[in-house]
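Let me begin by presenting the structure, written as structure tokens, before commenting on it.
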Amino acid sequence: MPNLFTLILQIGVVLAVARTVGTVFRKIHQPRVVGEMIAGIMLGPSLLGWLAPRLSAALFPPASLGNLNSLSQVGLVLFMFLVGLEINPSELRGFGHVREAAGATRRSVGPGREPGTHSMNRKASGIRVGVLVL
């Protein structure tokens with residue numbers, strides 16, 4: 001049960017800080033999502049781990065980061081699903097040039113050798129297929 005308590009505490013702190021910093025950014029006429037990203041940096045080792053290493057180690061012990069990471073991946077998948085639901089296919093009609101550029105890149109460089117990918121990288125192939133579908 002201590003792992004569950006730690007996970008719930010971590011989620012609560014992340015949500016509270018993200019919501020607070022997001023609201024501050026909204027009041028200064030900036031996108032809330034930018035404030036939420038800044039909140040993530042504030043809670044990470046770059047700032048909290050540097051300013052208050054004991055607090056950071058108590059709040060985010062290394063043994064608990066696996067659970068938090070797994071939960072964040074599920075949240076990311078759900079978020080991307082919701083973004084996909086909101087896409088209006090008729091708004092994508094003008095982006096045929098992106099599809100053509102992706103195809104030209106693949107033909108000129110060779111399959112699996114695009115910049116930033118490794119040969120026969122399945123993830124890169126999936127991204128390439130996703131771009132080509134557009």
Q. If you take the residues in the range 18-39 that are over 17 Å from the mean Cα position of the chain (by Cα) and part of a helix (DSSP H, G or I), which one is surrounded by the fewest Cβ atoms within 10 Å (Cβ to Cβ)?
A. 27
**Q.** Test: residue in the range 46-61 that is within 17 Å of the chain's Cα centre (by Cα) and exposed (fewer than 15 other Cβ atoms within 10 Å of the Cβ)
**A.** no
Q: Could you pull out the residue among 13, 21 that is in contact with an Asp or Glu (Cβ under 9 Å, 6 or more places away or on another chain) and modelled with pLDDT of 90 or more?
A: 21
Q | Residue list for the range 71-113, restricted to those being among the hydrophobic types (A, V, I, L, M, F, W, C) and modelled with pLDDT of 70 or more | A | 71, 74, 76, 77, 78, 79, 80, 81, 82, 83, 85, 87
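The values are calculated or read from the model by the stated rules, or taken from the named source; none is laboratory data. Only a predicted model underlies this, so the values are computations on that prediction, with no experimental measurement involved. All Cβ positions, even for glycine, are placed from backbone atoms using ideal geometry, and neighbour counts span all protein chains on display.
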